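Visitor: Okay, here's the structure, questions in a sec.
The values are calculated or read from the model by the stated rules, or taken from the named source; none is laboratory data. Here the structure is a predicted model, which is why all the values come from computation and not from measurement. Cβ sites come from the backbone with ideal geometry, for glycine too, and all protein chains shown count toward neighbours. Surface accessibility is based on the protein's heavy atoms, side chains included, excluding ligands, DNA and RNA. Shrake-Rupley method; radii C 1.70, N 1.55, O 1.52, S 1.80 Å.
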Amino acid sequence: TQNQDAPVVSMESIKDGVVSEYEKDTWSNAEQIVVKLSGSESISGVDRYQYRINYISEELQDTDWIDMPISSKEQEQFVPQIDENGQIVEADKYVFDKLTIEKDIVAIYEFRAISNVGNESAITQVTIKLDKTNPSIEKVAEEEAWNATESKITFSASDINGIKAYISNKPNRKG
């Protein structure tokens, strides 16, 4: 049953220790993108947030719904209060609402909240594009013999977000 508002998503990129806002659907070369969820109130309270990944690339398989992970910092602080019946008291204070993305990816992330009675919120979607890897270049062919005139070298290049330009540092040798 869907009776909750979709979670509100805010995102930050972190590069060289500097935190800045990450604008969805833009390329970033940050060390990581941190997604934080909030909102999605429910009368019974929020039990957990979930996400799934819809990859833009056809090479990767989309995921099913995954519970938001517990980071090591939150894990150390997670000491829930247990009542006399063995139930967690104030469980909504221990909802983990942060996802850190550290690998190259181009994907649509979907987020939802699950209430304490199992109701699902509406879904929030964001496109995340993270490219931390330098482009690669591969020499395909080269003329075999030394030549005093111009030579032709053929190569191919690739990168997750495409190649913007090829730059050649051709020495100017006049004899």
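Visitor: Given the conditions (1) within 14 Å of Arg112 (Cα to Cα); (2) of a type outside the set (Lys, Arg); (3) open to solvent by 80 Å² or more (accessible area, probe 1.4 Å), report the number of the one that Leu37 does not fulfil.
Guide: Leu37 satisfies every listed condition except (3).
Visitor: Shifting gears a bit: Which pairs have Cβ atoms under 6 Å, sit 6 or more apart or on different chains, and link a residue in the range 117-139 that is more than 27 Å from Ser38 (Cβ to Cβ) and open to solvent by less than 80 Å² (accessible area, probe 1.4 Å) to one that is modelled with pLDDT under 85 and in a strand (DSSP E or B)?
Guide: Ser136/Ser158
Visitor: Among strands (runs of 3 or more DSSP E) lying entirely in the range 1-66, which contain 2 or more residues that are under 15 Å from Thr124 (Cα atoms)? I'd like the intermediate steps shown before the answer.
Guide: Numbers: elements: 2-4, 8-15, 18-21, 32-38, 46-55.
Those strands (runs of 3 or more DSSP E) span 2-4, 8-15, 32-38, 46-55.
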